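Working notes, structure below.
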Amino acid sequence: MPATYEPISTQTLGTAVPTVTFSSIPATYTDLVLVFSGVIGSGVQNMEIRFNGDTTTNYSETRFFGTGSAVSSDRTSSTNQIRVGNIYTSQTTNIIQVMNYANATTFKTVLCRSNNAGAQVSVHSGLWRKTPEAITSILVRPAGGVDFSIGCTFALYGIKAA
C-alpha cells in the first residue's frame with residue numbers, strides 16, 4: 001500500500017462467519033479504505049456494510065456492472081445498508097473507500113470497486129444519511145444469510161492527511 005495508507009486492523013477468517021466488524025476506529029485519519037479478498041460457500045451475494053450499528057433506512061446507493069458483454073445499473077434509496085460489491089464462490093476482491101469518515105458535520109460517502117475475473121466488475125457509490133456523526137465501527141456481511149468462508153481477508157487502512 002502507498003505510504004499514506006496506515007494499517008488499522010486486519011482479519012483473516014479461521015472459521016466461516018456471517019459478519020465481520022471493525023470497532024473503535026480511531027478518528028485520526030482523513031479517509032478509510034477496506035480491502036476484502038475471498039469467497040462465499042454458495043451462490044452469489046451482495047456484500048453489505050453498516051456504520052455505527054445503524055440498521056435504519058439511512059442508506060442509499062448507485063451501482064454499475066459490466067460483464068465484458070453487457071452493462072447495467074441500478075439505484076436504491078432508503079435502505080438499511082450499502083451494497084459494496086458482490087461475493088462469489090470464486091475469488092473476489094472488493095476495495096471500499098469511506099471518505100471524510102471522522103467528520104461529525106457531514107453525511108458519509110462510500111465508493112467501491114468490485115472484481116471477479118470470471119463474472120463481472122462493478123462500481124458502487126453509497127451515502128449514509130444519518131444525522132452527521134463520525135464513523136467508529138463498520139459491520140460487513142454477505143446478504144442472503146450466508147457466511148464469509150474460511151480464509152477471507154479484511155484489511156482496514158486509515159489514509160493520512162497529505
task: Work out the P(r) tail for region 1-46: percent of alpha carbon pairs separated by more than 14 Å, whole number.
output: 62
- request: Quick one: plug the Kirkwood hydrodynamic radius of region 49-107 (C-alpha pairs) into Stokes-Einstein at 10 °C, 1.306 mPa s, and report D in µm²/s.
  value: 116
statement: Listed residues V98, V17, V33; largest mean-square fluctuation, Gaussian network over the chain with Cα springs below 10 Å, found at V17
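Tell me the net charge near G158. Cut-off is 11 Å between Cβ atoms, G158 excluded, with +1 for each Lys or Arg and -1 for each Asp or Glu. It would help to have the intermediate numbers written out before the result.
On the way: positive: K160; negative: E6, D31.
Around G158, the charge tally is -1.
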message: Please list, in order along region 37-51, the HN-Hα scalar couplings obtained from phi with the Karplus expression 6.51 cos²θ - 1.76 cosθ + 1.60 (θ = phi - 60°), rounded to whole Hz, x for Gly and Pro.
response: 9, x, 9, 10, x, 8, x, 10, 9, 6, 9, 10, 10, 9, 10
message: Stokes-Einstein diffusion coefficient for the chain at 4 °C in a medium of 1.567 mPa s, Rh from the Kirkwood formula over Cα pairs: what value in µm²/s?
response: 82
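FYI, it's all coordinate maths here, none of it is from the lab. This is a predicted model, so every value here is computed, not measured. For neighbour counting, all protein chains shown are included, and Cβ atoms are generated from backbone atoms with ideal geometry for every residue, glycine included.
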